[in-house]
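Notes follow the structure.
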Amino acid sequence: MKTGSRPTNNWRRLLMASMPLIAGVLSGATLPPSAAEPVQPQLRADIIINAPIIVHPRDRLPQQRVRVQFVALGDDWGAVYLDNRLLYRPGNFDRRQEFWLEPGSYRLEITGITRFEVWDSGYLDVGRDDAHVLVVTFSKQAGVVRVAGDAAAWIPDQ
């Protein structure tokens, strides 16, 4: 072994192994606490596990046609238009008429003999809330008086 020359491999290994410790001491880092020191207990929150909410759809029958009955009050002759097509004309003896309609929204217009004399107009929403029968009563003086079977089925223009 030569004296006064470069450090041997053992010294090199020792120097390289101690470099992180030397760097930590010079930077002001502290050593981790020893196992003998008590560790503060962790704060524990109440854990609530909610069960999943499962919504079972209501067993619904396939949408069925709805029976809609028109009743003309008084003795005035008129006309009932559904989606701009003449549905029927109440006269002397046919003051009550019923039809089967598919669920949906229809434009309803109730007029006198001529279409220029509009008694009432709006939308009739058929098949809402499982209502299978609607009775629409109307007259010249009052327009659409009421819709029995589903109060929210009639949506007037005014």
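Against the condition under 21 Å from Leu73 (Cβ atoms) and modelled with pLDDT of 85 or more, how does Asp125 come out, does it pass? Considered against the rule, which asks whether it is under 21 Å from Leu73 (Cβ atoms) and modelled with pLDDT of 85 or more, Asp125 comes out as no.
For the stretch 73-89, check the following and say yes or no: at least one residue is closer than 17 Å to Lys140 by Cα and of a type in the set (S, T, N, Q). Scanning the stretch 73-89 turns up no residue that is closer than 17 Å to Lys140 by Cα and of a type in the set (S, T, N, Q).
Residues in the stretch 119-133 that are more than 13 Å from Ile155 (Cβ to Cβ) and in contact with a strand residue (DSSP E or B) (Cβ under 6 Å, 6 or more places away or on another chain): Trp119, Gly127, His132, Val133.
If the condition is being in contact (Cβ under 8 Å) with a residue 24 or more places away in the chain, surrounded by 14 or more Cβ atoms within 10 Å (Cβ to Cβ) and over 15 Å from Thr137 (Cβ atoms), then the stretch 104-114 contributes Tyr106, Arg107, Glu109, Thr111, Gly112.
The values are calculated or read from the model by the stated rules, or taken from the named source; none is laboratory data. The shown structure was predicted, so the numbers you read here are calculated from the model rather than taken from an experiment. Every residue, glycine among them, receives a Cβ derived from its backbone with ideal geometry; neighbour counts consider all protein chains shown.
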